[in-house]
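Below is one structure; the comments refer to it alone.
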Amino acid sequence: MKPVLAKDQTALVDRLKGACGGAYTPAQRRKYFLTGPQWAAAYEGHALFHAPTRRPVGYEEVIREYAKIGIGHWTTHDTDVIPTDGLGNARQDEIVAGIAKALKENGLQCSMVTTETFHHAVWAGSPAAEAPEVREYAKWRLANTVRIGHELGASYAVYWPGSLGYFVQGAVEETETLRWYADGLNAACEADIAEAKKRGRPTLKHCLEAKPFEPQAEILLPTSDAMLAFIFSGLLKHPDMVGLNPEYLHELMWGSAVRAALARALLCGKLFHFDINDGYRLKHDVDIAVGLVNPLDWLNVLVLLRTHNYNGPFNLDYKPPRTTSNYGVFAVSFPTAVDRFITLWEMAGEVSADPVIKEASEALRAGGGGNPKDVEGIVEANRELLTLHELISHRIFQILVGQHRGRAYSV
């Protein structure tokens, strides 16, 4: 093959993308509660060991391109779009008005806002640092983001306490730090109640997002389970307003079964929001797009969520690879991520309705009719039934690859 000159490369990408097929229309994509983060589309490819590989992208371009793709909702950190020194003043008002205008012109809604409490130098000791002025500033930042959310019509606020921790033991007193962090969330909820009342809107759903490690060496709230304990600890004044925003990869990073973590949140009534991506167990936060690493696991996760009628947002919290161009971010990366999600979601519906899986599951629940007082009899009564566990897993795999519809390979 001859070298593909720069002037011909975009056409090649478009042609091969078309050859893949399987794409949904923007109208079809908008039927799903998929949300596109400002930070994901604007990610320039930089990281601890990486220089940027893409040019900067502003919110106008992100919102416009999401609209073309068919992503109906937009999310942001406060400082993704507003410089830190512009928060709470006329610069913020100007930018928020511009965002509202861009959303309206492109037919998008702002679904979620979040506060950056991990990047700026002020958070070196976390938003719950020993210095009271840091904590007061954190309260103001959280309350200010709540106001931005109401101004833009958001329904959710997310909090990632990634800097809530330490590098060396003994540097902080953990119970004290957690109390201070609760004070910040209480301030956010109180500001929300007041703002919602003033505007005649419902209060936001406040969602905690766990991550087992990074950026601190030790994180005080590393998992969704730890955050559930925190919510029910008695430290929060409005625990009914606070739930979870689990992230698929963050749960996977520490070796958890994502589906099991989500099940525990569902039982507590605290699964408010869900960040979707992919990656690898016991690795760092690579933020790969949904379904590219663990499609079978993803199918099982969505079966659980469909079974329990989850109707919250699916937030596309991933990083387009550094090898993807600015053009490719919107021409390939986001459309294909959305389409994989939709395909897996609809497959999950097939799993739930599949007659083989239904009959096998019902048989397992019916049991073998053994005498509850005869332990060996119970074992014998259920011995063959338990083989159905593996059969169910095989059937789910068949649905994933289309084998249940007759797809086969000749050998």
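Once the Cβ-Cβ distance of GLU174 and HIS308 is raised to the sixth power relative to R0 = 25 Å, the FRET efficiency obtained is 0.15. Out of every Cα-Cα pair that the range 355-405 contains, those further apart than 15 angstrom amount to 52 percent. Zone of ALA260 (label point 7 Å along Cα→Cβ, backbone N under 19 Å): which residues in the range 199-235? Only 210-213, 222-229 pass the distance filter. Across SER361, SER126, SER325, mean-square fluctuation computed from a Gaussian network of the chain (C-alpha pairs under 10 Å connected) peaks at SER361.
Taking amide H positions as modeled 1.01 Å from N, with prolines and chain starts lacking one, the residues under 5 Å from CYS207 and 5 or more places away or on another chain are ALA157, VAL158, TYR159, GLY243.
Length available on full extension from TRP140 to VAL375: 0.36 nm per residue minus the Cα-Cα distance, which gives 78.5 nm.
In the elastic network of the chain, a GNM with C-alpha springs shorter than 10 Å, the most mobile of LYS101, LYS358, LYS211 is LYS358.
Result for the chain in a Gaussian network model with C-alpha springs under 10 Å: among GLY125, GLY22, GLY200, the largest mean-square fluctuation is at GLY200. Taking 0.36 nm per residue of separation and subtracting the Cα-Cα distance, full extension of the segment from ARG383 to GLU190 would add 63.9 nm.
Note on PHE33 and TYR327: the model spin-label points, each 7 Å out from Cα along the C-beta direction, lie 3.7 nm apart. At full extension, LYS283 and THR25 could sit 89.4 nm farther apart than now, given 0.36 nm per residue minus the alpha carbon distance. When only alpha carbons are used to place a centre, the range 264-312 and the range 101-171 end up 23 Å from one another. Computed over the range 326-411, relative contact order equals 24 percent, with contacts defined as Cα pairs under 8 Å that lie 6+ residues apart. Counting only DSSP beta bridges whose two residues both lie in the chain, roughly 15 percent are antiparallel. Taking the fewest neighbouring Cβ atoms within 10 Å as the starting point, the ordered list for HIS77, HIS238 is HIS238, HIS77. Normalising the average separation of contacting C-alpha pairs (under 8 angstrom, six or more residues apart) by the number of residues puts the relative contact order of the chain at 14 percent.
Quick note: the coordinates plus some simple rules give every number you see, no bench work behind them. For clarity, every value in this text was computed on a predicted model and none was experimentally measured. As a convention, Cβ positions derive from the backbone with ideal geometry for all residues, glycine included, and neighbour counts pool all protein chains shown.
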